[in-house]
1. Once R0 is set to 35 Å, what does the formula 1/(1 + (r/R0)^6) return for the Cβ-Cβ distance between residue 45 and residue 113, expressed as a FRET efficiency to the nearest 0.05?
2. Looking at the range 1-61, which trypsin sites (Lys or Arg not before Pro) are in a loop (DSSP not H, G, I, E or B) and have at most 15 other Cβ atoms within 10 Å?
3. Go ahead and run the numbers for FRET between residue 34 and residue 240, Cβ-Cβ distance against an R0 of 41 Å, rounding to 0.05.
4. Apply the Karplus curve 6.51 cos²θ - 1.76 cosθ + 1.60, θ = phi - 60°, to the phi angles in the range 76-81 and return the couplings in whole Hz, x for Gly and Pro.
5. Using 0.36 nm per residue of separation minus the Cα-Cα distance, give me the extension gain between residue 399 and residue 357 in nm, one decimal.
6. Label residue 316 and residue 67 with points 7 Å out from Cα along Cα→Cβ: what is the distance between them in nm?
7. Could you check the spin-label model distance between residue 144 and residue 276? Points 7 Å from the Cα along Cα→Cβ, value in nm.
8. To the nearest 20 debye, what is the magnitude of the charge dipole of the range 281-433 about its Cα centre, counting +1 on the Cβ of each Lys and Arg and -1 on the Cβ of each Asp and Glu?
Amino acid sequence: MSIKKKIGSDIATILDIPTGWKVSHKHAKITVTNTLLRAREFFKTKTEDQILWVGPVQGGRHLDLVKESAKAIGKMPFQIHALGSPTEVMENYRFDVLTDMILTAKQNLPTNRPLHLFGAGHPFMFSLAVALGCDLFDSAAYALYARQNRYMTENGTWQLTKLDFFPCSCPKCVNKTPKEVLNKSAKDREIFLAEHNLFVCIAELRRIKQAIREGRLWELVEMRTHAHPALFSAFKKIKKQSELIEKLSPTIKKRGLFFFSSAGLARPEIVHYRNKILKNYQPPNYSKILLLLPQTRKKPYHKAHIFKKIKKIIKNISEKNRDTIHICFYAAPFGIIPIELDEIYPLSQNEITFPLDYETKEYVTIQISEYIKHFHYKTVILLNDPVHWDSKVTKTCKKICKIKKLKFEELSTKTEINKDILACLENILKKHLSDKY
Ligand SMILES: [Zn+2]
């Protein structure tokens, strides 16, 4: 403590005991207990200063201990917290374990305090760590890598000897070739690589900050984690804690979202919609007939050409009961979108990849089923889109309608919704409008 004060530290960590990677639960417990003991001692002797003191969380890969450690240290008046022991986890490419460790710590620490990740120095994992809730990093990796001729990029590491071209235009690389750098003296080469490595780290941090401002951090993480299967395994683990991440994420962002695959189903906007639609939404009072239409390329869906035609049909049929028809769209990745909501962020503000993967279709059909189960319609009329959904939506609707004893009608198109289909739809609507409920 006194040394850190003397050298004028702005941010300082108490003298903790790092847990390490392959250690037993028993040993890990000792490191947690002793770090907490030292933290308590620290506050007994602490005097007034301008330093931001860091309360470290230990426990390593033993998540029960990380939880215990985070809970206890979070109760002490530290300004910053830090997660210990990730360096070896990262060196072993166990980013999935690291994800668990960060999320466990984050879940049990006060959310208003910054979280520091010790020893995180590779730009290819910064965005993942930030998305998981880390705010600060420190590492000597840029220099250590340079000593071993290792050239960092935001997508991984290269051996200088294996590079023909520099994939970078930082001030160091812009006018040099790998061959020229290899011909430098060992010391000059090390300085060159260390400086380039730092430039890459800084550029990636700036990219992350810009992505946060634009609400596009998820997209950046998704892109970066495709750099290595181990990183993508970690990204997939987010699913387990998607509710926690949703709780701590803003609901409105500056830009729409890109949905690439089922890995994106864990993103906070999708979890948020799933949680709110059944809890906070109520279909219009007189709705008896649920008319389910497929999503269109045009958004909001109600502005699509085909919708305008359907609206016209509804307008033409008996005025008396037409309010009983409630139009909803079934759309990946959200599920059912009632027409009144289709302009609300991000239901229209998204771009998705077709064809949809199996898990995404599975997810959407579950949402459709839940929606029909939850609300009180009497009839479900489905306009199926077999090009994108095969018979998945039909099967789901049929099944839930049978369970709920609802009437079910389906209209299927092979290519596009044509005149015949629309005429058919008109007849079906007329038939059901005369039903007595
Ligand atoms: Zn460079």
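1. The pair residue 45/residue 113 has a calculated efficiency of 0.95.
2. Of the trypsin sites (Lys or Arg not before Pro), the ones in loops of the range 1-61 whose Cβ has at most 15 other Cβ atoms within 10 Å are 22, 46.
3. Plugging the Cβ-Cβ distance into 1/(1 + (r/R0)^6) gives 0.85.
4. My calculation for the range 76-81 gives 8, x, 6, 8, 9, 10 Hz in order.
5. Result: 12.9 nm gained on full extension.
6. My value for the distance between the label points is 6.2 nm.
7. The modelled label-to-label distance comes out at 4.4 nm.
8. That gives the range 281-433 a dipole magnitude of about 700 debye.
The values are calculated or read from the model by the stated rules, or taken from the named source; none is laboratory data. Since this is a predicted model, take the numbers as computed values, not measurements. FYI the Cβ positions are ideal-geometry reconstructions off the backbone, even for glycines, and counts take in every protein chain you see. The accessibility values were calculated without ligands, DNA or RNA, using every heavy atom of the protein model including side chains. Shrake-Rupley method; radii C 1.70, N 1.55, O 1.52, S 1.80 Å.
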